[in-house]
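Here you go, one structure.
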Amino acid sequence: MTGREKPGKMYNEIDLDKIDINAAPPTEEPLRQYYFMAKCRAWVKEFEQENGQRPIAHVQNYGCQMNARDSEKLAGILEVIGYELVDTEEADFVIYNTCTVRENANNKVWGRLGYLGAYKKKHPQMKIALCGCMMQEEEVIEKLKKSYRFVDLVFGTHNIYKFAELLYTSLVQDGMVIDIWKDTDRIVEDLPMERKYNFKSGVNIMFGCNNFCSYCIVPYVRGRERSRRPQDILREIERLAADGVVEIMLLGQNVNSYGKNLEEPVTFAELLLEIEKIEGIRRIRFMTSHPKDLSDELIEVMANSRKICNHLHLPLQSGSSRILKEMNRHYDKEQYLLLVEKIRRAVPDIALTTDIIVGFPGETEEDFQETMDVVRKVGYESAFTFIYSKRTGTPAAIKEEQVPEDVVKDRFDRLLKEVQRHATERANALTGRVEEVLVEEVNEQDESLVSGRMGNNFMVHFPGNEELIGKIVNVKLKECRGFYFYGEFAGQEEQ
Ligand code: SAH
Ligand code: SF4
Ligand code: F3S
């Protein structure tokens, strides 16, 4: 059993209005979900007749890029059903797609839920739904059942493809609907998606994680690693390209181990070579790369590619070999630095970014100095720095030597300064160059400017108008402001 559905009809070949919603629901996916989308659509039509307007919905994302991509799937389904999507929580249907990677992600959700509960008291018809990583935790479900009875629908990460069916159940029934699965080996293709940007898109290439880094909750809430079949990924990207998308970001918790569990194994590097051939796609990004699985084959593909961006996010987590071992990362400081050297040799102008955790249990000042040493040696273009957050159920959570808060805070501040110093230095060195920039939006603060990203992920603002959005143009980098640039339009190549 592969757990994968046969490639069926593409979503855009399905006419929901032709589905017999009085028949019994099909058992096959995604047909079953199309059936429930049609049922919800009939519900929405009735709502519209009664209220003189379509119901409005809001999807709020709290997590990483994979979560954001899931939110686009939720929004796509709501759109097809007939909801009007809005940016405010004052809606008929609000869904929070939650994250639980650090304690503060959970706190945000509990805080917003309080507000939402008060709003619902005044608008009792509204429906509130919660999904995503946080819902995979038993204590969270217990707390919701006990103190948050006003929540209407709760589901997790493994059954998100069933959203239409769950939504329908919740619309026609009172009380809390809860559906949480412990794990799944299933990937359902061909569900609708509503993209946030017309010109760039995330593309899942795998789900779950098998690495069990000792601090991390993701493997527990996202389940075992499973890769999508290359033909499904390529078909999705071809469709996106036909739709005007020029930049894609391939998503997975550890893209370097892509394809290992497929019936016909494929490497990540091989997948990239196929994606490179797709006409219309001009930029390819990916995240996240685990250093332990980054192959020479991948480095070679990156070095020879015209489309893969010269940016690599390579999480370090800690520079101390002792701590890395405790973290179960399967590489040490020397191996990491050698890897960086190898990549820089093959792709000289590559921008390197990273994730670092400060205050892992038992981290000493010496361990911390090892991290600072790697930051100095690599000189990252940018780094996400996190204070260690204890996650119940992970091996690190039961370690006794938790580092005192004030010590962690002090290390965090010192690390941030070091990171910023190198980031500014790296950026400064680019001043004066002409770089290709994908224009993303009109600048929020100054409407005479547009903002875009270079291949190395740095932001640039320069005079222009909204007609440039989605285009790749040449921009001269005039002035560096630490993490971003002011520039000047320097021409546009044939698109
Ligand atoms: N799969 C990716 C990232 C997953 S989570 C990877 O392996 O790199 C994103 C980042 O959150 C991690 O890289 C790590 O730096 C951070 N993180 C994960 N768990 C954490 C915890 N318990 N406390 C603090 N930071 C954490
Ligand atoms: Fe978490 Fe490690 Fe998996 Fe990344 S690779 S998601 S840090 S367990
Ligand atoms: Fe958060 Fe889940 Fe992503 S825990 S970081 S939303 S995989």
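Looking at the stretch 262-285, which of the residues that are open to solvent by 20 Å² or more (accessible area, probe 1.4 Å) and within 22 Å of the chain's Cα centre (by Cα) is nearest to Glu225 (Cα to Cα)?
Thr267
Looking at (1) open to solvent by 10 Å² or more (accessible area, probe 1.4 Å); (2) farther than 18 Å from Ala423 by Cβ, which is the only condition Met327 fails?
(1)
Also, I was wondering about something else. Tell me which residues, restricted to the stretch 441-470, are in contact (Cβ under 8 Å) with a residue 40 or more places away in the chain and open to solvent by 30 Å² or more (accessible area, probe 1.4 Å).
Scanning the stretch 441-470 gives Asn457, Ile469.
Out of (1) within 16 Å of ligand 1 (Cβ to nearest atom); (2) open to solvent by 30 Å² or more (accessible area, probe 1.4 Å); (3) not in a strand (DSSP E or B), the odd one out for Glu238 is which?
For Glu238, the failing item is (1).
Against the condition more than 16 Å from ligand 2 (Cβ to nearest atom), in contact (Cβ under 8 Å) with a residue 12 or more places away in the chain and open to solvent by 40 Å² or more (accessible area, probe 1.4 Å), how does Met176 come out, does it pass? Write out each step before concluding.
On the way: more than 16 Å from ligand 2 (Cβ to nearest atom): yes; in contact (Cβ under 8 Å) with a residue 12 or more places away in the chain: yes; open to solvent by 40 Å² or more (accessible area, probe 1.4 Å): no.
Considered against the rule, which asks whether it is more than 16 Å from ligand 2 (Cβ to nearest atom), in contact (Cβ under 8 Å) with a residue 12 or more places away in the chain and open to solvent by 40 Å² or more (accessible area, probe 1.4 Å), Met176 comes out as no.
Residue-by-condition table, conditions (1) in contact with a Leu (Cβ under 7 Å, 6 or more places away or on another chain); (2) open to solvent by 10 Å² or more (accessible area, probe 1.4 Å); (3) within 23 Å of Met454 (Cβ to Cβ):
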{"residue": "Lys292", "(1), (2), (3)": "no, yes, no"}
{"residue": "Leu298", "(1), (2), (3)": "no, no, yes"}
{"residue": "Ile308", "(1), (2), (3)": "yes, yes, yes"}
{"residue": "His311", "(1), (2), (3)": "no, yes, yes"}
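Just for the stretch 377-394: of the residues that are open to solvent by 40 Å² or more (accessible area, probe 1.4 Å), of a type outside the set (Gly, Ala, Ser) and closer than 16 Å to Glu103 by Cα, which one is nearest to ligand 1 (Cβ to nearest atom)? Explain how you work it out, then say what you get.
We begin by selecting, within the stretch 377-394, every residue open to solvent by 40 Å² or more (accessible area, probe 1.4 Å); these are 377, 382, 384, 386-387, 390, 392-393.
Subset that is of a type outside the set (Gly, Ala, Ser): 377, 384, 386-387, 390, 392.
Now restrict to residues that are closer than 16 Å to Glu103 by Cα: 386-387, 390, 392.
Numbers: Phe386: 4, Ile387: 6, Lys390: 7, Thr392: 10 Å.
Among them, the one singled out is Phe386.
Let me ask something else about it. Scan the stretch 405-414 and give yes if some residue there is assigned to a strand (DSSP E or B), among the aromatic types (Phe, Trp, Tyr) and out of contact with any Pro (no Cβ under 9 Å at 6 or more places or on another chain), otherwise no.
Checked against the condition, which is being assigned to a strand (DSSP E or B), among the aromatic types (Phe, Trp, Tyr) and out of contact with any Pro (no Cβ under 9 Å at 6 or more places or on another chain), the stretch 405-414 yields no hits at all.
Yes or no, residue by residue, for (1) free of Cβ contacts under 8 Å to residues at least 40 places away in the same chain; (2) open to solvent by 70 Å² or more (accessible area, probe 1.4 Å):
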| site | (1), (2) |
| --- | --- |
| Ile350 | no, no |
| Ile356 | no, no |
| Asp373 | no, no |
| Asp410 | yes, yes |
| Leu416 | yes, no |
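Additional query: When Asn210 is evaluated against the numbered criteria (1) open to solvent by 40 Å² or more (accessible area, probe 1.4 Å); (2) modelled with pLDDT under 95; (3) within 16 Å of ligand 3 (Cβ to nearest atom), which criterion, by number, is the only one it fails?
All conditions pass for Asn210, except number (2).
Output the number of residues of the stretch 418-440 satisfying the condition of being within 27 Å of the chain's Cα centre (by Cα) and open to solvent by 70 Å² or more (accessible area, probe 1.4 Å).
Residues meeting the conditions: 3.
Same structure again: Restricting the stretch 161-173 to residues that are open to solvent by 30 Å² or more (accessible area, probe 1.4 Å) and assigned to a helix (DSSP H, G or I), which is farthest from Ile95 (Cα to Cα)?
Val172
Name the residue that is nearest to ligand 2 (Cβ to nearest atom), counting only residues in the stretch 195-230 that are under 15 Å from the mean Cα position of the chain (by Cα) and assigned to a loop (DSSP other than H, G, I, E, B).
Cys209
Follow-up question, since we're still on this one. Give the stretch 196-227 a look and list any residue that's touching a Gly at 6+ places or on another chain (Cβ under 9 Å), of a type outside the set (A, V, I, L, M, F, W, C) and closer than 22 Å to Gly359 by Cβ, or say none.
Result: Pro219, Tyr220.
Exactly one condition in (1) more than 15 Å from ligand 2 (Cβ to nearest atom); (2) open to solvent by 10 Å² or more (accessible area, probe 1.4 Å); (3) of a type in the set (S, T, N, Q); (4) under 16 Å from Pro315 (Cα atoms) is not met by Thr364; state its number.
(4)
Within the stretch 96-117, can you find the residues that are open to solvent by less than 70 Å² (accessible area, probe 1.4 Å) and either within 15 Å of ligand 2 (Cβ to nearest atom) or over 22 Å from the mean Cα position of the chain (by Cα) (or both)?
Across the stretch 96-117, the qualifying residues are Cys99, Thr100, Val101, Arg102, Ala105, Gly111, Leu113, Gly114, Leu116, Gly117.
The values are calculated or read from the model by the stated rules, or taken from the named source; none is laboratory data. Everything quoted here is computed from the prediction, not taken from an experiment. Note: ideal-geometry Cβ built from the backbone for every residue, glycine included; neighbour counts use all protein chains shown. When the accessible area is computed, the model is the full protein with side chains, heavy atoms only, and any ligands, DNA or RNA have been set aside. Shrake-Rupley method; radii C 1.70, N 1.55, O 1.52, S 1.80 Å.
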